[in-house]
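Chemist: The structure follows.
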Amino acid sequence: MDPRVVRTRRRLQDALLELARERLLEAITVADVAERAGVNRSSFYQHYTDKEALLADALSAQATLAGADLSDLVLAEIGQQPPAALLRWFAHVADHATLYRQALGGAAAPDAAAVMRRWMQEFVADTAQRMGYTESEAGIPLDVFAAGMTWSLLGVAASWLERDPLPAPETAAGWAWRMLVRRDF
């Protein structure tokens, strides 16, 4: 990708994250983001269709920078404790709790929630395939399995973020891990 495109997207992402620390997402306009990033509105629209697409991209980029994008999740090492990648993801969510509350709550940023969900479903499906998942053995189509795992993880995250005071990320990762691997309900 052209370095200028990368720089402009990064500036827009940073601008949105900065503004979101100051006020609610619904009160932030594209013009606000463009002004904070030092670009014009047409530049914004050359890179993103709307504020929600920018939010999803910004959160994904932040997760990657924090090493919390779940890319090194190794499910082959399933044990009682959540993997380090899941702990890092919940720590990242805690660091950006206000934005994730808005995104996962759906009302303020339904498109951002949908983009996060699609990304996570693709990740879960890819990981399951790498680990040898077969629909015939599992009795569940891969896309249904990936959707179920994704909704479980995001559901735990959304419910955790609603708690006051917010429990530690380690607590939330533990809840999610038990939801994902426990088979003795």
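Chemist: Dipole magnitude of the chain about its Cα centre, charges +1 at Lys/Arg Cβ and -1 at Asp/Glu Cβ only, in debye to the nearest 20?
Modeler: That gives the chain a dipole magnitude of about 300 debye.
Chemist: Sorted by average packing, counted as other Cβ atoms within 10 angstrom per residue and highest first, what order do 147-155, 96-104 take? Can you show the working numbers first?
Modeler: On the way: 147-155: 17.1, 96-104: 19.9.
Taking the mean over residues of other Cβ atoms within 10 Å, the ranking is 96-104, 147-155.
Chemist: With the cut-off at 31 Å, report for the chain the share of all Cα pairs above it, as a whole percent.
Modeler: Working: 3669 of 17020 pairs.
Roughly 22 percent, once rounded to a whole number.
Chemist: Let me check against my output: what whole-number percent is the relative contact order of the chain, with C-alpha pairs under 8 Å and at least 6 apart?
Modeler: Details: 168 pairs, mean separation 35.8, N = 185.
This gives 19 percent for the chain.
Chemist: How much accessible surface does Phe90 have with a 1.4 Å probe, in Å² rounded to 10?
Modeler: Probe radius 1.4 Å; accessible area of Phe90 about 0 Å².
Chemist: Here's a follow-up. Placing +1 on the Cβ of each Lys and Arg and -1 on the Cβ of each Asp and Glu in the chain, which of Gly79, Met179, Tyr100 has its Cα farthest towards the positive end of the resulting dipole?
Modeler: Comparing the listed Cα positions along the dipole, Tyr100 ranks first.
The values are calculated or read from the model by the stated rules, or taken from the named source; none is laboratory data. Just so it is clear, the structure is predicted and the values come from calculations on it, not from any experiment. Positions of Cβ are backbone-derived with ideal geometry, glycine not excepted, and every protein chain shown enters the neighbour counts. Only protein heavy atoms, including side chains, enter the accessible area calculation; ligands, DNA and RNA are left aside. Shrake-Rupley method; radii C 1.70, N 1.55, O 1.52, S 1.80 Å.
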